[in-house]
Amino acid sequence: MTITSATTAATDVSAELKRLPLDTAWKSVLECATLEVFEMMAATRLTPCIPPELTPHAQPATPTKTQSGLIAMVGMAGVLCGITTIHCSSDTAIRLASKMAGTEAAKDPNIVSDAIGELCNMVAGNFKAKITSLADHCMLSVSTVITGENYALQSAEPSESLQVAVLFESSPIQISLITQS
Amino acid sequence: MRKLRILIVDDSAVMRKIIERALRQAGLDLGEVREASNGAEALVEVQKGSLDIILSDINMPVMNGLEFLKTLPTIPAAKGVPVIMITTEGSEARVVEALSAGAKGYLRKPFTPEQVKERVGPLLAGVS
């Protein structure tokens, strides 16, 4: 399955705004926003770790990358155009949903998607709230969650990304900010 | 002393559970907890009456939180029921719009039980 970035649709909204370039200093902000959201809303303390592919600076995002498990996406439009994503295994998603909604509720796949989508939404919102130049000039979309195996994300425009990797009870979770350049 | 009757409006079932849990952790004595997944469903619940407070998300499908807030004055049963808006976005403009439309306060996600108590508690003084 291939998912094409939906951020193009938001381009018209932000056409009159001057876009901000991706700032590598935002990586620590994204990490901080992520840790806060998971601790406050999922009652879990994540451990930052080094991503499999070390990315100390913004790099062009891989045009097409095969993924598996579960990925939640929230679109951003305005002075920053792109998406925030959370990617984890299905098992990790279920355990996170259990923390948020209870073990019984997390047996429902819809609840699991809902939980990860909300986490992604809050990470994106918390991230932009921490950056003054974004707070009032960047809108968020509702979240989209994709589950399955062997799918790919493909952006229609050149893009850059910041990656944050964390561990939840030894299981990796990757948070990405992918912006159109 | 009676238990509080609340309405939680959010398109996320998980978030509705989290909000209810945070209210309980904040020490509020909850009785009837009603839920709605958008503004239109919430209006139906409000018409049933007997609410002490409403907590509503802003970004929702069908009818968003701001539209819901602006429609509330047309419902007699909503008179005097405080509304707290819950937002993921840090947009000052959104908060100002909500307060101008009649919200008594706002809560930004993510939140702690302490922050919930700080925002909701004063609005319920004398209720329970």
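Restricting attention to the stretch A:109-131 and to residues that are open to solvent by 30 Å² or more (accessible area, probe 1.4 Å) and more than 9 Å from chain B (Cβ to nearest Cβ), the residue that is nearest to the chain's Cα centre (by Cα) turns out to be A:Ser113. Picking from residues in the stretch B:3-19 that are within 11 Å of chain A (Cβ to nearest Cβ) and under 15 Å from B:Leu107 (Cα atoms), the one that is surrounded by the fewest Cβ atoms within 10 Å (Cβ to Cβ) is B:Arg16. Applying the set (1) more than 24 Å from A:Met100 (Cβ to Cβ); (2) touching a residue at least 40 places away in the same chain (Cβ under 8 Å) to B:Glu92 leaves exactly one unmet item: (2). Do we have any residue at all in the stretch B:80-88 that's surrounded by 19 or more Cβ atoms within 10 Å (Cβ to Cβ), at the interface with chain A (Cβ under 10 Å from one of its Cβ atoms) and in a strand (DSSP E or B)? Yes: the stretch B:80-88 contains one or more residues that are surrounded by 19 or more Cβ atoms within 10 Å (Cβ to Cβ), at the interface with chain A (Cβ under 10 Å from one of its Cβ atoms) and in a strand (DSSP E or B). Residues that are polar (S, T, N, Q), touching a strand residue (DSSP E or B) at 6+ places or on another chain (Cβ under 7 Å) and crowded, with 24+ Cβ neighbours inside 10 Å do occur in the stretch A:172-179, at least one of them.
Out of B:Ala77, B:Ala93, I need the residue that is open to solvent by 10 Å² or more (accessible area, probe 1.4 Å) and within 14 Å of chain A (Cβ to nearest Cβ). Which one?
B:Ala93
The set of residues in the stretch A:71-103 being assigned to a strand (DSSP E or B) and open to solvent by 10 Å² or more (accessible area, probe 1.4 Å) consists of A:Met73, A:Gly75, A:Ala77, A:Ile83, A:His87. Considering (1) among the β-branched types (Val, Ile, Thr); (2) farther than 30 Å from A:Lys107 by Cα; (3) within 14 Å of chain A (Cβ to nearest Cβ), the lone condition that B:Val120 does not fulfil carries the number (3). Being closer than 25 Å to B:Thr87 by Cα and within 13 Å of chain B (Cβ to nearest Cβ): is that true of A:Ser143 here? When the stated conditions are applied, A:Ser143 passes them.
Is it the case, given these coordinates, that A:Ala106 is more than 17 Å from the chain's Cα centre (by Cα), open to solvent by less than 20 Å² (accessible area, probe 1.4 Å), more than 7 Å from every other protein chain (Cβ to nearest Cβ) and aliphatic (A, V, I, L, M)? Answer is yes for this residue. Considering only the stretch A:131-181, how many residues are among the aromatic types (Phe, Trp, Tyr) and either within 22 Å of A:Val29 (Cα to Cα) or modelled with pLDDT of 80 or more (or both)? Count: 1. Applying the criterion of being within 14 Å of another protein chain (Cβ to nearest Cβ) and assigned to a helix (DSSP H, G or I) to the residues of the stretch B:99-116, the residue that is surrounded by the most Cβ atoms within 10 Å (Cβ to Cβ) is B:Val116. Among the residues of the stretch B:52-74, those identified as surrounded by fewer than 16 Cβ atoms within 10 Å (Cβ to Cβ) and not in a helix (DSSP H, G or I) are B:Pro61, B:Val62.
The values are calculated or read from the model by the stated rules, or taken from the named source; none is laboratory data. It should be emphasised that the depicted structure is a prediction, and the values quoted were computed from it without experimental measurement. So basically every Cβ, Gly included, is an ideal-geometry build from the backbone, and we count neighbours across all protein chains shown. Surface accessibility is based on the protein's heavy atoms, side chains included, excluding ligands, DNA and RNA. Shrake-Rupley method; radii C 1.70, N 1.55, O 1.52, S 1.80 Å.
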